[in-house]
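Before I ask anything, here is the structure I am working with.
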């Protein structure tokens, strides 16, 4: 009964949300975009920091591109190392599953007939 009562659920949920916010914030801060520059018959890829350019404002995107871009951000598509991306996705998945399970146990314990 000692693990059921107490504020440990709230503390753990807050800790897991802080971990998720930290991981996604680091991903957002260190993301780079690659701009394909084709001028005067020379094709080159220029690596730009997203905060240093306004190149993305020149081209609009469709709703599908926005959804796929959000999915790419949530699954860390900008990380090229396959194993690092896999490990980060596993960590984030465990955090989300932990949050869901803690909320499930709270609902199961405090709401009758569930």
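The values are calculated or read from the model by the stated rules, or taken from the named source; none is laboratory data. Everything quoted here is computed from the prediction, not taken from an experiment. Every residue, glycine among them, receives a Cβ derived from its backbone with ideal geometry; neighbour counts consider all protein chains shown.
From (1) modelled with pLDDT of 85 or more; (2) in contact with a helix residue (DSSP H, G or I) (Cβ under 8 Å, 6 or more places away or on another chain), pick out the condition that doesn't hold for residue 71.
Exception for residue 71: condition (2).
Six or more apart or on different chains, Cβ under 6 Å: which pairs go from a residue in the range 101-114 that's surrounded by fewer than 11 Cβ atoms within 10 Å (Cβ to Cβ) to one that's modelled with pLDDT of 75 or more? Could you list them?
Sorted first by the residue in the range 101-114, then by its partner, the pairs are 114/108.
Just checking, how many residues over the range 75-100 are farther than 15 Å from residue 15 by Cβ, assigned to a helix (DSSP H, G or I) and in contact (Cβ under 8 Å) with a residue 24 or more places away in the chain?
Here the count works out to 1.
Condition (residue is surrounded by 12 or more Cβ atoms within 10 Å (Cβ to Cβ), more than 30 Å from residue 109 (Cα to Cα) and modelled with pLDDT of 60 or more) applied to the range 15-25: is it met by at least one residue?
Yes, there is a match, as at least one residue in the range 15-25 is surrounded by 12 or more Cβ atoms within 10 Å (Cβ to Cβ), more than 30 Å from residue 109 (Cα to Cα) and modelled with pLDDT of 60 or more.
In the range 57-64, is there at least one residue being out of contact with any helix residue (DSSP H, G or I) (no Cβ under 7 Å at 6 or more places or on another chain), modelled with pLDDT under 90, surrounded by 11 or more Cβ atoms within 10 Å (Cβ to Cβ) and part of a helix (DSSP H, G or I)?
Checked against the condition, which is being out of contact with any helix residue (DSSP H, G or I) (no Cβ under 7 Å at 6 or more places or on another chain), modelled with pLDDT under 90, surrounded by 11 or more Cβ atoms within 10 Å (Cβ to Cβ) and part of a helix (DSSP H, G or I), the range 57-64 yields no hits at all.
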